[in-house]
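The values are calculated or read from the model by the stated rules, or taken from the named source; none is laboratory data. Just so it is clear, the model here is predicted, and its values are computed rather than measured. Positions of Cβ are backbone-derived with ideal geometry, glycine not excepted, and every protein chain shown enters the neighbour counts. Heavy atoms of the whole protein, side chains included, go into the accessibility calculation; ligands, DNA and RNA do not. Shrake-Rupley method; radii C 1.70, N 1.55, O 1.52, S 1.80 Å.
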Amino acid sequence: MFFKSAKINEFRLWGLMFTMIGMGLMIFGTAGIVLWGETGKIFAAVFMVIGMIAMLVSVGVYFWAGMLSTSARIVPCPECNKATKMLGTTDRCMFCRTKLTFDPKQATEPTEA
Ligand SMILES: [Zn+2]
């Protein structure tokens, strides 16, 4: 939980970030060929591999998010009344980011921000 949003949204964000990093590294590596010729090719190859790994990680993250969303429970949000997906016992609403929980011990008064 790094971005204080719903877990499914967060997984998608991480997937997107890895895709961007992977693409960025591959473009950066390709620039090496243009800048340094022969030595740049080794540089490019290294960045291509790292970029490919980042892309594969992003595919993995997307796949994992897809798997998790099939097991997610759809509940109506008490704050905005929209149907949101919950992962685990505690998650945030996908729309208004209200903390939601199935655990009565963690439940607080509705006044909590
Ligand atoms: Zn909500």
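Restricting the first residue to the range 17-45 and requiring it to be open to solvent by 80 Å² or more (accessible area, probe 1.4 Å), which pairs with a second residue that is assigned to a helix (DSSP H, G or I) meet a Cβ separation below 6 Å and a spacing of at least six or different chains? Cβ pairs passing all conditions: Ile21/Ala54; Phe28/Phe47; Lys41/Ile33.
In the set (1) open to solvent by less than 50 Å² (accessible area, probe 1.4 Å); (2) basic (Lys, Arg); (3) more than 15 Å from the ligand (Cβ to nearest atom), the condition left unmet by Arg92 is number (3). Entry remark, the range 46-76: residues being within 22 Å of Met20 (Cα to Cα), open to solvent by 60 Å² or more (accessible area, probe 1.4 Å) and of a type in the set (Ser, Thr, Tyr) number 1 in total. Of everything in the range 77-89 that is away from the ligand (no atom under 11 Å from the Cβ) and surrounded by fewer than 15 Cβ atoms within 10 Å (Cβ to Cβ), the residue that is farthest from the chain's Cα centre (by Cα) is Thr89. Filtering the range 95-105 to residues that are part of a loop (DSSP other than H, G, I, E, B), open to solvent by less than 50 Å² (accessible area, probe 1.4 Å) and more than 7 Å from the ligand (Cβ to nearest atom) leaves only Asp103.
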